[in-house]
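Worksheet: one structure, shown below.
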Amino acid sequence: MTTAIQSFNKLAMSKQLEMINTQAIFLCERYFLSRRVSLFYLNGFYVEVWMDTYRNEIRKILPFTTTLCLTAYLDLINIDDAFDYAS
């Protein structure tokens, strides 16, 4: 049985981008060197889209399932509003 991430990995980059644009949920964005890295959630896994900001082109698409890869985004998360609802 093929998993969703395995099926996604078999697609051409253009088809992966089409899936991301039509089905994925955008979560956040970070910058690393000259790359803008956008994080998405799609069909039970995460996807990073690495964009070269100088050339304005996508350099790679990295799907993953491990939450360890999310540590680069932890400083970007703000949950202050969540505490307003608790009181």
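The values are calculated or read from the model by the stated rules, or taken from the named source; none is laboratory data. Everything quoted here is computed from the prediction, not taken from an experiment. Virtual Cβ from ideal backbone geometry, glycine too; neighbours counted across all protein chains shown.
Annotations
- Answer from Ser38, Ser7, Ser14 - the residue that is of a type in the set (Gly, Ala, Ser), out of contact with any helix residue (DSSP H, G or I) (no Cβ under 6 Å at 6 or more places or on another chain), surrounded by 11 or more Cβ atoms within 10 Å (Cβ to Cβ) and not in a strand (DSSP E or B): Ser7
- Hits in segment 46-82 (condition: surrounded by 16 or more Cβ atoms within 10 Å (Cβ to Cβ) and either within 19 Å of Ala4 (Cβ to Cβ) or not hydrophobic (A, V, I, L, M, F, W, C) (or both)): Tyr46, Val47, Glu48, Val49, Ile61, Pro63, Tyr73
- Top-ranked residue of segment 17-35 - restricted to ones that are in a loop (DSSP other than H, G, I, E, B) and modelled with pLDDT under 95, ranked as surrounded by the most Cβ atoms within 10 Å (Cβ to Cβ): Ser34
- The set of residues in segment 41-69 that are of a type in the set (A, V, I, L, M, F, W, C) and touching a helix residue (DSSP H, G or I) at 6+ places or on another chain (Cβ under 9 Å) comprises Leu42, Phe45, Val47, Val49, Ile58, Ile61, Leu62, Phe64.
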